[in-house]
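Okay, structure first, notes after.
The values are calculated or read from the model by the stated rules, or taken from the named source; none is laboratory data. The structure displayed is predicted, hence computed values, not measured ones. Neighbour counts are summed over all protein chains in view; Cβ atoms, including those assigned to glycine, are modelled from backbone coordinates with ideal geometry. The accessibility values were calculated without ligands, DNA or RNA, using every heavy atom of the protein model including side chains. Shrake-Rupley method; radii C 1.70, N 1.55, O 1.52, S 1.80 Å.
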Amino acid sequence: MVDITYHNGAVTAKLIGEIDHHIAPSIRGEIDAFCESYRPARLILDFGKVGFMDSSGIGLIMGRYRMISLIGGRLEVVNIPAGMKKIFILSGLENLGVLK
């Protein structure tokens, strides 16, 4: 599940629950539609309420990074649970400068 808001040029997507290959496509669609409508300068993906994530979560992030870059914005990934931080770093996301 995802709760998406827009405020001061930023779209914030608060991800909730589990992110796996079943739910990732619908989350991706919701975020992309919102960003197409608002064309934000920043897209913030908030992982504070994510309890589980498989590799499709990394794909979700990478795809949103490409999408927001194409419209001239930047991505921030925030509130990463301690148990998932290593996965984010090993996937190379730290090299993109999106982890906050």
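Figures for the structure shown
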| read-out | value |
| --- | --- |
| Matching residues, segment 54-76, being hydrophobic (A, V, I, L, M, F, W, C) and either surrounded by 14 or more Cβ atoms within 10 Å (Cβ to Cβ) or not in a helix (DSSP H, G or I) (or both) | 58, 60, 61, 62, 67, 68, 71, 75 |
| All positions within segment 1-10 that are open to solvent by 60 Å² or more (accessible area, probe 1.4 Å), within 22 Å of residue 51 (Cα to Cα) and modelled with pLDDT of 95 or more | 3, 5 |
| Qualifying residue in segment 11-32 (condition: open to solvent by 50 Å² or more (accessible area, probe 1.4 Å), part of a loop (DSSP other than H, G, I, E, B), of a type in the set (Val, Ile, Thr) and touching a strand residue (DSSP E or B) at 6+ places or on another chain (Cβ under 8 Å)) | yes |
| Residue tally, condition closer than 16 Å to residue 60 by Cα, in a loop (DSSP other than H, G, I, E, B), at pLDDT 85 or above and not small (Gly, Ala, Ser), over segment 80-100 | 1 |
| Single unsatisfied condition, residue 40 versus (1) surrounded by fewer than 16 Cβ atoms within 10 Å (Cβ to Cβ); (2) farther than 20 Å from residue 91 by Cβ; (3) more than 13 Å from the chain's Cα centre (by Cα) | (1) |
| Sole exception among (1) surrounded by 16 or more Cβ atoms within 10 Å (Cβ to Cβ); (2) under 23 Å from residue 90 (Cα atoms) for residue 51, by number | (1) |
| Cβ pairs under 6 Å, 6+ apart, first in segment 17-35 and more than 14 Å from residue 58 (Cβ to Cβ), second in a loop (DSSP other than H, G, I, E, B) | 17/1 |
| Any pair with Cβ under 9 angstrom, 6 or more apart, that starts in segment 39-53 at a residue that is closer than 24 Å to residue 73 by Cα and part of a loop (DSSP other than H, G, I, E, B) and ends at one that is of a type outside the set (S, T, N, Q) and open to solvent by 60 Å² or more (accessible area, probe 1.4 Å) | 39/72; 40/6; 41/72; 41/74 |
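Let's see how each residue does on (1) among the polar types (S, T, N, Q); (2) in contact (Cβ under 8 Å) with a residue 12 or more places away in the chain:
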residue	(1), (2)
15	no, yes
59	no, yes
79	yes, yes
83	no, no
90	no, no
98	no, yes
